[in-house]
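A.B. asks: Here it is: the structure, laid out below.
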Amino acid sequence: MREILIDSDFSVDETTLKINNIMSKWSIHFLDINGPNWIIFDYDMNIRFVFIFDVDFNDIETRIRLEDLKLNVIHHIESLKDETIYRDNMINSVFLD
């Protein structure tokens, strides 16, 4: 398993490319978008990558960039036309103060 920390000043385009390249290169079955942690599983349900977003979910601009990133990655998953699936629980798992 490899953990990748993404800072709050991340570029949507660069991060999209990084995640999409990983998903295209490896035999990926499942992307679990769970708040600030995006976990990529292989077909044996072993964790391959964990993207940890070190961001402030209360910042509206950051949330917009995360939503853009999420939509880009979901679009990529759907374009793969294989058995790759995702679960989107980005906002529901974040506890706001």
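The values are calculated or read from the model by the stated rules, or taken from the named source; none is laboratory data. Because the structure is a prediction, the values reported are computed rather than measured. Positions of Cβ are generated from backbone atoms using ideal geometry, with glycine treated the same way; all protein chains shown enter the neighbour counts. Accessible surface areas use protein heavy atoms only, side chains included; no ligands, DNA or RNA. Shrake-Rupley method; radii C 1.70, N 1.55, O 1.52, S 1.80 Å.
A.B. asks: Can you find a residue that is part of a loop (DSSP other than H, G, I, E, B), touching a Lys or Arg at 6+ places or on another chain (Cβ under 7 Å), at pLDDT below 90 and open to solvent by 20 Å² or more (accessible area, probe 1.4 Å) anywhere in segment 80-96?
C.D. replies: As a first pass, look at segment 80-96 and keep what is part of a loop (DSSP other than H, G, I, E, B): 81-84, 90-96.
Narrowing further to those that are touching a Lys or Arg at 6+ places or on another chain (Cβ under 7 Å): 90.
Right, trim to at pLDDT below 90 and you get 90.
Of the ones still in play, those that are also open to solvent by 20 Å² or more (accessible area, probe 1.4 Å) are none.
No; the residues of segment 80-96 include none that is part of a loop (DSSP other than H, G, I, E, B), touching a Lys or Arg at 6+ places or on another chain (Cβ under 7 Å), at pLDDT below 90 and open to solvent by 20 Å² or more (accessible area, probe 1.4 Å).
A.B. asks: While we're here: Which of the residues spanning segment 1-22 are of a type outside the set (D, E, K, R), assigned to a helix (DSSP H, G or I) and open to solvent by 100 Å² or more (accessible area, probe 1.4 Å)? Even if it seems obvious, please write down each step before you answer.
C.D. replies: If we filter segment 1-22 for residues that are of a type outside the set (D, E, K, R), which is where we start, we get 1, 4-6, 8, 10-12, 15-17, 19-22.
Remaining after also requiring assigned to a helix (DSSP H, G or I): 12, 15-17, 19-22.
The one that is of a type outside the set (D, E, K, R), assigned to a helix (DSSP H, G or I) and open to solvent by 100 Å² or more (accessible area, probe 1.4 Å): Leu17.
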